[in-house]
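Values in this text are rule-based calculations from the coordinates and carry no lab data. Quick caveat: nothing in here was measured; it's all calculated off a predicted structure. Glycine gets a Cβ as well: all are built from the backbone with ideal geometry, and neighbour counts include every protein chain shown.
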Ligand SMILES: Cc1cc2nc3c(=O)[nH]c(=O)nc-3n(C[C@H](O)[C@H](O)[C@H](O)COP(=O)(O)OP(=O)(O)OC[C@H]3O[C@@H](n4cnc5c(N)ncnc54)[C@H](O)[C@@H]3O)c2cc1C
C-alpha cells in the first residue's frame, strides 16, 4: 500500500450535480480543483426531473449547451391529478423569468455529462476513490483509491458534495434529524406508458393516491421509457404488508389516473426503494469546509427541487469560496447559509402545505387569479429567490390568504 500527497486549492467530495458545478465554477476562476468520487461512473441516482432554474445555473457556468445538445426530454411544466381533478402549470407562464422549461434526465447520463464538463474546465478527477477522513485544522482530506492506496490532499478548502454519502456530516458529527415525517419511495422505470397528446407529454405528472395518502411521480424520458415512483409514509407502506414490487403494483392499480396511464406498461428495471430520505445538518460550513447539495438538508421530492438546490448551492458556494480564498471579508452565514435557507424555506412551506392538504385546495380551486397561478408556476420552476414573488417573501401567509379567499368564494 503506497501513499501519495497531492496539493490542490479545493477538494470536492462527490461528483453529483452539486460537486460538478462547484468544481466547474472554481476551475474556471483559475483554482486547482480535485474531484474525488467513490462510485464507478456512470452510476444511478434517484432524482430525474429538473426545474427551469437549473438552466440558469448551468448557463452561468458554461454547462447549458452540453445539456441542451444531449437530446433530453424537454419538461415544459408540472401536472397534478387527484380525485378526478387536474391542474397544470406551464413553466413559461411565470412572472418574468428567463427560462420557461427544463429537462427530464436519466441521472447516470446527466451526472456523467456535468462531470465531463467540469473536467473539460480543468478539474482533476480522482475516480473510484473514497474520502475516508478530513481534518479541518490542517485542511487535509484523506482518501483511498480502488487499489487500496492512500491519497492525502493538502487543500485550502473542501466542498462536501457527497449527497446521500453524507461524508462530512458523519466525520464531523454534523447530522441532525429532519423535522419532516419519515417517508419512503418505491420506484422503477417502465416502457409503453400512454403519454398525453395535448402537449404535456414532457411534463412531470404527479398522481395523488387515495385521500392524500401518497403520490406517484411520472417522469417521461426521450427514449420512450418513464420513471415512476410511489411516495408515502413508512407507516403507510408497512400497513400493506407487501413486497416493494407488490406494493408498487397495488398503489398504481388503486390510483385512477396512474392506472390508466400505465395500463400497458412494462417494467424495464427491478422495483427499488429508498427509506426515510429526508435529512438535515447542524451546520452548513466550518473551518476550511462547506457542505453543498444533499450533503446539507434534503426535504422531499414532491416538487423536484433536489437537483436545483444542489446546483444552486454548488454555484453559490463556489462564489463564496472564491471571495474567501482571495482574502476578502466574508460572512459565510449571511452569504451562503441565509441565502440557501431563503430558497429552501419556500420549498419547505410548499412541501408542508402539500402534505397537510392546503396546497391541493389551492391547486384544485375552480378559480385562481392569474397572478397567483403565475407566481406558483414560478415557484414550481425553482425561482425561490425572486423577491418579486410574494410567495418568496412570505410563503405561509400568502398560501393561507389564498386559501381563505378560495374558501370564502366557495
Ligand atoms: C425519492 C426521491 C426522488 C427524487 N426526485 C427528484 C427529482 O425528480 N428531481 C430532483 O431535482 N431531485 C430529486 N431528488 C433529489 C436528488 O436525488 C438529490 O437532491 C440530488 O441527487 C443531490 O445531488 P448531489 O450532487 O447533492 O448528490 P448526489 O447526486 O447524491 O452525488 C453525490 C456523489 O458523492 C459520491 N460519494 C458519496 N460518498 C463519497 C465518499 N466517501 N467519497 C467520494 N465520493 C463519495 C457518491 O458516489 C455520489 O456520486 C429525489 C430524491 C428522492 C429521495
Q: Determine the relative contact order of segment 251-410: mean sequence separation of Cα pairs under 8 Å and six or more apart, normalised by residue count, in whole percent.
A: 16
Q) Give me the Kirkwood hydrodynamic radius of segment 356-409 in Å, from all C-alpha pairs, to one decimal place? A) 11.4
Q | In degrees, nearest ten, helix 395-409 long axis to first principal axis of the chain (Cα) | A | 0
Q) So for the pair residue 361, residue 154, with labels modelled 7 Å out along Cα→Cβ, what separation do we get in nm? A) 6.2
Q) Label points 7 Å out from Cα along the Cβ direction at residue 60 and residue 387: separation in nm? A) 1.6
Q. Taking Cα atoms, how many degrees apart are the long axis of helix 306-325 and the longest axis of the chain, rounded to 10 and kept between 0 and 90?
A. 30
Q) Considering every Cα-Cα pair within segment 98-214, what fraction, in whole percent, is farther apart than 23 Å? A) 58
Q) Quick one: if you take sqrt(5λ) for each eigenvalue of the C-alpha gyration tensor of the chain, what semi-axes come out, biggest first, whole angstrom? A) 36, 24, 20
(Q) If you average the C-alpha positions of segment 328-396 and of segment 225-266 separately, how far apart do those two centres end up, in angstrom? (A) 29
Q) From a point 7 Å beyond the Cα of residue 341 in the direction of its Cβ, which residues of segment 275-289 have a backbone N at a distance under 14 Å? A) 281-285
**Q.** Label-reachable residues, segment 170-194, where backbone N falls under 18 Å from a point 7 Å from residue 135's Cα toward its Cβ
**A.** 171-173
Q: Could you work out, for segment 292-410, what percent of all Cα-Cα pairs fall into each 10 Å distance bin, beginning at 0 Å and stopping at the bin that holds the largest distance?
A: 13, 40, 28, 13, 5, 1
Q.
Which order do the peptides 137-146, 225-234, 118-127 come out in when sorted by mean C-beta neighbours inside 10 angstrom, highest first?
A. 225-234, 118-127, 137-146
Q: Any chance you could give the angle, 0 to 90 degrees and rounded to 10, that helix 107-120 forms with the longest Cα principal axis of the chain?
A: 30
Q | Share, in percent, of DSSP beta bridges within the chain that are antiparallel, nearest 5 | A | 70
**Q.** Relative exposure of 292, 132, judged by other C-beta atoms within 10 Å (fewest first)
**A.** 132, 292
Q) So how much slack lies between residue 7 and residue 253, counting 0.36 nm per residue of separation and subtracting their Cα-Cα distance, in nm? A) 82.9 nm
Q: Would you calculate, for the chain, the mean residue ellipticity at 222 nm contributed by helices, counting each DSSP H stretch of 4 or more residues as -39,500 (n - 2.57) and dividing by all residues, to the nearest 500?
A: -10000 deg cm²/dmol
Q: With no solvent and one equal point scatterer placed on each C-alpha of segment 183-274, evaluate the Debye formula and give log10 I(q)/I(0) for q = 0.12, 0.17, 0.24, 0.25 Å⁻¹, two decimals.
A: -0.33, -0.66, -1.30, -1.40
Q: Provide the gained length on full extension for the span residue 243 to residue 223, in nm with one decimal, where the gain is 0.36 nm per separating residue minus the Cα-Cα distance.
A: 4.3 nm
Q: Just need the relative contact order of the chain here, percent rounded to a whole number, with Cα pairs under 8 Å and 6+ apart.
A: 22
